[in-house]
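All of the numbers you see were taken from the coordinates with simple rules; none came from a lab. Just so it is clear, the model here is predicted, and its values are computed rather than measured. Every residue, glycine among them, receives a Cβ derived from its backbone with ideal geometry; neighbour counts consider all protein chains shown.
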Amino acid sequence: MSTSDIITDETFDVAGAVDLHVHCGPEGIPRRFDAVSLARHVEEAGLGGVVLKSHMAATGSWAQMAHDVTGVRLHGSVVLNHYAGGINPAAVRAALGPSADGESYLKFVWLPTVHAAAHLTARHHEGEQYDIPPEWCGGTVSPVARAIGEVEPINVLASHLRPLLDEVLRIAADHDLVLATGHAGRDEVFYVMERAHALGVRKVIVTHPCYDPPAIGVSELVELADAGAYVELSFILVDMGLVSFAETAAILRRVGANQTILSTDVGQVDRAAPAEALARLGAGLLAEGIPLADVDTAMKDNPRFLVGR
């Protein structure tokens, strides 16, 4: 896909945009890209970078390998599911290892996603049987999926996890990492925001708040933003029909562009590539009357600040 395929008079110029939420493989869920092919997409489309996300593996080593092969620098993350040992400070320290020129590829720590208590509860209420919904895998059951009743839910409000969470937050503070709330529930998000602030974490993102979990309303998002959190608004929720461009634009107006992140959450085999998804998201918001400067702030300036580029 070339830039000319992506940018038309009806879309938004994605040059320099940084997508902080792109799923990548290989993992136990089919993905459109591995790190090398995604790096080539980033270069071809003129993006400023992406954060590689895997529900199952730390991705800093993938970012390093892609950098070595393509010369394109991507950013790594670790998700604190059971695959990483849950709320596991050792996993975060290990993920800091891959680096270049004295800078770690690790930029993001996500709280649990598929093993978060709120995720498992929501999927169970929807009639799902597995922690990894089969629709994420083209209708088949992932070989790493487990029955929801067999998975120990991770809730960071649990008393035995709070000291471990504090240690994770201290590591994030010491290394200027972004903490993203993953599929934590509403009460967990507020607790984590309070602890992160107390322990010196400067960069917190409320992950796709219009999704369940965390299903946080606009007034509480404003409260979190006022406390310093960034609110992530994702293309995929519009693409799935869960929110409209109009609703997304309304949240951006209330929260303010300075505390908003526009990302894609793509990487699925049947979804648009990141550059196309960002262009469609930007164009949709412009059509809803969001000023170009605000879209640029939320899709380019804020993400660049968060990854230190």
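One table, with the values for the structure above:
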{"read-out": "Test: residue in the range 116-123 that is of a type outside the set (S, T, N, Q) and assigned to a loop (DSSP other than H, G, I, E, B)", "value": "no"}
{"read-out": "Residues that are touching an Asp or Glu at 6+ places or on another chain (Cβ under 9 Å), free of Cβ contacts under 8 Å to residues at least 60 places away in the same chain and either of a type in the set (A, V, I, L, M) or not in a helix (DSSP H, G or I) (or both), drawn from the range 129-150", "value": "ASP131, PRO133, ARG146, ALA147, ILE148"}
{"read-out": "Selected residue (only one of VAL243, VAL266 is touching a helix residue (DSSP H, G or I) at 6+ places or on another chain (Cβ under 7 Å), crowded, with 22+ Cβ neighbours inside 10 Å, in contact (Cβ under 8 Å) with a residue 12 or more places away in the chain and over 13 Å from MET299 (Cβ atoms))", "value": "VAL266"}
{"read-out": "Test set (1) in a loop (DSSP other than H, G, I, E, B); (2) in contact with a strand residue (DSSP E or B) (Cβ under 6 Å, 6 or more places away or on another chain) - ILE87 fails condition number", "value": "(2)"}
{"read-out": "Helices (runs of 4 or more DSSP H) contained entirely in the range 243-309, each with at least 1 residues that are farther than 25 Å from VAL109 by Cβ", "value": "245-255, 274-287, 292-296"}
{"read-out": "Selection status of VAL109, crowded, with 18+ Cβ neighbours inside 10 Å and in contact (Cβ under 8 Å) with a residue 12 or more places away in the chain", "value": "yes"}
